[in-house]
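Q: Dropping a structure here in structure tokens format, bear with me for questions.
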Amino acid sequence: MDPALIVKDVIGIQKQSFNNLMEALIFFQNHADKTVMLLVNQMGLNENAQAFADQWRMFLIKGRDDSRELINESFTYMEDYFAGLEQKNPSKK
């Protein structure tokens, strides 16, 4: 088996594992966010504190999404690189 093909398969497995982990993380973060927002609303914080909490929450979500996009982009670059190597060195059968 061609080493470039093996590495490409390993990268595909890592990419799928990462995406599954991120989906689980997003699920738990969204649930925790809903729970915290419910508690905050029951506590009756003033509007400034509520606005700060909303802004903070949006920064966290944006950071999480940006990180996921960056890592998926890196996986795509690695897949493209090894696909190019596979084309340059076709396996001899």
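The values are calculated or read from the model by the stated rules, or taken from the named source; none is laboratory data. These numbers were taken from a predicted model, which means no experiment stands behind them. Methodologically, a virtual Cβ is constructed for each residue, glycine included, from the backbone with ideal geometry; neighbour enumeration extends over all protein chains shown. Remember, those area values only see protein heavy atoms, side chains included, never the ligands or the DNA or RNA. Shrake-Rupley method; radii C 1.70, N 1.55, O 1.52, S 1.80 Å.
Q: Can you go through ASN48, ASN72 and tell me which one is loosely packed, with under 10 Cβ neighbours inside 10 Å and part of a helix (DSSP H, G or I)?
A: ASN48
Yes or no, residue by residue, for (1) hydroxyl-bearing (Ser, Thr, Tyr); (2) in a helix (DSSP H, G or I); (3) surrounded by fewer than 14 Cβ atoms within 10 Å (Cβ to Cβ):
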residue	(1), (2), (3)
ASN41	no, yes, yes
ARG64	no, yes, no
SER67	yes, yes, yes
THR76	yes, yes, yes
GLN87	no, yes, yes
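Q: I need the full set of residues from the stretch 16-37 which are open to solvent by 100 Å² or more (accessible area, probe 1.4 Å) and farther than 20 Å from GLU73 by Cα, in order please.
A: PHE27, PHE28, HIS31, LYS34
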